[in-house]
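*Asks:* Quick one: the structure is below, and I'll ask about it shortly.
The values are calculated or read from the model by the stated rules, or taken from the named source; none is laboratory data. Computed from a predicted structure; not experimentally measured. With ideal geometry, Cβ positions are generated from the backbone for all residues, glycine too; neighbour counts draw on all protein chains shown. With ligands, DNA and RNA removed, areas are computed over all heavy atoms of the protein, side chains included. Shrake-Rupley method; radii C 1.70, N 1.55, O 1.52, S 1.80 Å.
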Amino acid sequence: MVPNLTPENRTDGFRVFQIKPGSLFEKMGMKDQDVIKRVNGQDLDSFEKATGLFGALRNEKTISIDIVRNGARINYTYEIR
């Protein structure tokens, strides 16, 4: 993943690429060039926020991810078992 930058050079999510077959991202339905915008309602607008948020997800039972794919917004919700 790399930061997705606006024309003003601000981070507005994280772009995923080179998704490997069988990886967690593939199993979640993500595709190359998807931009993860929010996780559990939290904007991913900085690297620090993203790394802290992903660490905090370990104890969650449900994860909601908002992405943008080819200009369209998509929401995935996952139940962790």
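*Asks:* Is it the case, given these coordinates, that Asn70 is polar (S, T, N, Q) and surrounded by 14 or more Cβ atoms within 10 Å (Cβ to Cβ)? Give the steps one after another, and end with the answer.
*Replies:* Details: polar (S, T, N, Q): yes; surrounded by 14 or more Cβ atoms within 10 Å (Cβ to Cβ): no.
Judged against the criteria, Asn70 is not a match.
*Asks:* Follow-up. Suppose we filter Phe17, Phe25, Phe54, Phe47 for residues that are modelled with pLDDT of 90 or more and of a type in the set (A, V, I, L, M, F, W, C); which single one remains? Talk me through it step by step, then tell me what you get.
*Replies:* Numbers: Phe25 fails: modelled with pLDDT of 90 or more; Phe54 fails: modelled with pLDDT of 90 or more; Phe47 fails: modelled with pLDDT of 90 or more.
Answer to the check: Phe17.
*Asks:* Here is a further query. Looking only at region 63-81, count every residue that is more than 15 Å from Leu24 (Cα to Cα) and either of a type in the set (Val, Ile, Thr) or touching a His at 6+ places or on another chain (Cβ under 7 Å) (or both) and tell me the total. Reasoning before the result, please.
*Replies:* Taking region 63-81 and keeping what is more than 15 Å from Leu24 (Cα to Cα), we get 66-75.
Adding the requirement that they be either of a type in the set (Val, Ile, Thr) or touching a His at 6+ places or on another chain (Cβ under 7 Å) (or both) leaves 67-68, 74.
Of the residues in region 63-81, 3 are more than 15 Å from Leu24 (Cα to Cα) and either of a type in the set (Val, Ile, Thr) or touching a His at 6+ places or on another chain (Cβ under 7 Å) (or both).
*Asks:* Out of Thr11, Thr51, which single residue is more than 12 Å from the chain's Cα centre (by Cα) and not charged (D, E, K, R)? Give the steps one after another, and end with the answer.
*Replies:* Working: Thr51 fails: more than 12 Å from the chain's Cα centre (by Cα).
Just one listed residue meets the conditions, Thr11.
*Asks:* Where the second residue is surrounded by fewer than 11 Cβ atoms within 10 Å (Cβ to Cβ) and the first is more than 9 Å from Val39 (Cβ to Cβ) and lies in region 52-64, which pairs have Cβ atoms under 6 Å and are six or more apart or on separate chains?
*Replies:* Correct list of pairs: Lys61/Ile80; Thr62/Glu79.
*Asks:* Being in contact with an Asp or Glu (Cβ under 7 Å, 6 or more places away or on another chain), under 17 Å from Tyr76 (Cα atoms) and open to solvent by less than 30 Å² (accessible area, probe 1.4 Å) is the filter here, so list the residues in region 4-61 that pass it.
*Replies:* Val16 - this is the single residue of region 4-61 that is in contact with an Asp or Glu (Cβ under 7 Å, 6 or more places away or on another chain), under 17 Å from Tyr76 (Cα atoms) and open to solvent by less than 30 Å² (accessible area, probe 1.4 Å).
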